[in-house]
Amino acid sequence: MILVISESDKSIIRKNIVQLTTTTTSKPIIKLYNQIIQKIIRFDFRDNNWPELIPTIQKLLSIESEKCVLSGVSAILQIGKIFEFEGKEQQKPYTEALNTFFPTLTKITSQILPNFKVNEAALIVKKILDVYITSLKVLNYC
């Protein structure tokens, strides 16, 4: 059975799904949200049908909250996972996103993380390193 979602429902989902990852501490629910984000990126982000994704992630990264930063970094990682095996031309949206996010990720690691709890900071650093490793794979540097 194929589920058809209306454009208005898709718009509501795209508008809220990234922020929903900040509202729960349940790992299975967060994993499910990230899978949904990844699917939407696969079909909508590359076709520019989700233009608010980058500003939404930037907003989350600018909030000095462990949960918001972790959610933003996780969303960046989902973008990388989609573009990891694409050709150079198809990777353009990802490389443009990286140009936006790398300065922010550098700022987070040097200025914001020291204010977070150790366990949360360690998890965020791990996710940021995952983003960097994925970006190296996508850009064929390793």
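Brief remarks on what is shown
- Between region 113-141 and region 54-109, the alpha-carbon center distance in angstrom: 11
- Comparing SER74, SER65, SER11 in a Gaussian network model of the chain, where Cα atoms under 10 Å apart are tied by springs, the biggest mean-square fluctuation is seen for SER11.
- Percentage, to the nearest whole number, of Cα pairs in region 82-137 over 14 Å apart: 59
- Look at VAL138, VAL73, VAL4, VAL118 and count the other Cβ atoms within 10 Å of each Cβ; fewest to most, that gives VAL4, VAL118, VAL138, VAL73.
- Modelled this way, with points 7 Å down the Cα-to-C-beta line, the labels at ILE2 and ILE133 are 3.8 nm from one another.
- Cleavage-rule hits (trypsin sites (Lys or Arg not before Pro)) in region 1-91: DSSP loop, at most 10 neighbouring Cβ within 10 angstrom: LYS88
- One way to sum up the overall shape of the chain is the equivalent ellipsoid from its Cα gyration tensor, whose semi-axes run 24, 20, 13 Å, largest first.
- Calculated [θ] (222 nm, deg cm²/dmol) that DSSP helices of n ≥ 4 give over the chain, each run adding -39,500 (n - 2.57): -21500 deg cm²/dmol
- Exposure proxy for PHE85, PHE102, PHE45: other Cβ atoms within 10 Å of each Cβ, ordered fewest to most, give PHE85, PHE102, PHE45.
- Helices assigned as whole DSSP H runs in the chain whose Cα atoms extend at least 27 Å along their own long axis and whose mean Kyte-Doolittle hydropathy is 0.0 or higher are found at 118-138.
- Legend: distances between Cα atoms for LYS31/LYS127; LYS59/LYS92; LYS39/LYS107; pairs beyond 20 Å are LYS59/LYS92; LYS39/LYS107.
Bear in mind that the values in this text are calculations on the coordinates, not laboratory data. All values reported here derive from a predicted model rather than from experimental measurement. So basically every Cβ, Gly included, is an ideal-geometry build from the backbone, and we count neighbours across all protein chains shown.
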